[in-house]
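The values are calculated or read from the model by the stated rules, or taken from the named source; none is laboratory data. Quantities reported herein were computed from a predicted structural model and do not represent experimental measurements. Positions of Cβ are generated from backbone atoms using ideal geometry, with glycine treated the same way; all protein chains shown enter the neighbour counts.
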Amino acid sequence: MRKIMSVLVVSLTIIISVFCNSTYSLAATDSVSDTTELKNVEQIRQTVTTYPNVKSTYLYNSKGEQLQNVALSANTNLAVNETATINNEQYYRVATNQWVSSKDVYTYKMSLLTIRTKDNDFTSLIDAHGSSVANRALSANSNWKIDKVVEINNKKYYRIAVNEFVDAKKVVVVK
């Protein structure tokens, strides 16, 4: 009975600490201690997507340790409500004590618009990592439907297809 009560108290302490975003230390009867420190925790309203060309995106606990048997598939969209610094890196909270590294996702805003390329011969495309897309370009004065506005390498881009983005400065918004 004492062992069960100890586990309940430890579990309750962890739950309260996680929801309150506080640092906690536990000293259990078996001399097990756990210290979790989340820094710069902020409440946010953000949407993120895992990279389409990465098969699995790993999740981490609040200590930055990779979780076993849980991952996000390619091109998964998520609404996140917290960001924190874990081991000097930025993470987004996707579930209770489940965090995704900001390096493994890109942020976006939903935006259903029609854009038109400018009067160039062709308008080049990049992928979500900022690399040029080979053998693909948009023809001059062509219209395209977009669904996401993203920032890649500190520049604004529109998503025209999965993992294909056009520089916002190279197009005009039609509607």
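Could you pull out the residue among I86, I115 that is surrounded by 17 or more Cβ atoms within 10 Å (Cβ to Cβ) and in contact with a Phe, Trp or Tyr (Cβ under 6 Å, 6 or more places away or on another chain)? Just one listed residue meets the conditions, I115. A count restricted to the range 91-109 and to residues that are without any contact (Cβ under 8 Å) to a residue 40 or more places away in the chain, within 11 Å of the chain's Cα centre (by Cα) and assigned to a strand (DSSP E or B) stands at 3. Select, from A140, A71, A128, the only residue that is over 30 Å from V172 (Cβ atoms), small (G, A, S) and either touching a Ser or Thr at 6+ places or on another chain (Cβ under 9 Å) or at pLDDT below 95 (or both). Selected residue: A71, the only one of A140, A71, A128 that is over 30 Å from V172 (Cβ atoms), small (G, A, S) and either touching a Ser or Thr at 6+ places or on another chain (Cβ under 9 Å) or at pLDDT below 95 (or both).
Condition check ((1) farther than 16 Å from R116 by Cβ; (2) in a loop (DSSP other than H, G, I, E, B); (3) of a type in the set (V, I, T)) across all residues:
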residue: H129; (1), (2), (3): yes, yes, no
residue: K145; (1), (2), (3): no, no, no
residue: K148; (1), (2), (3): yes, no, no
residue: Y157; (1), (2), (3): no, no, no
residue: I160; (1), (2), (3): no, no, yes
residue: V166; (1), (2), (3): no, no, yes
residue: K169; (1), (2), (3): no, no, no
residue: V172; (1), (2), (3): no, no, yes
residue: K175; (1), (2), (3): no, yes, no
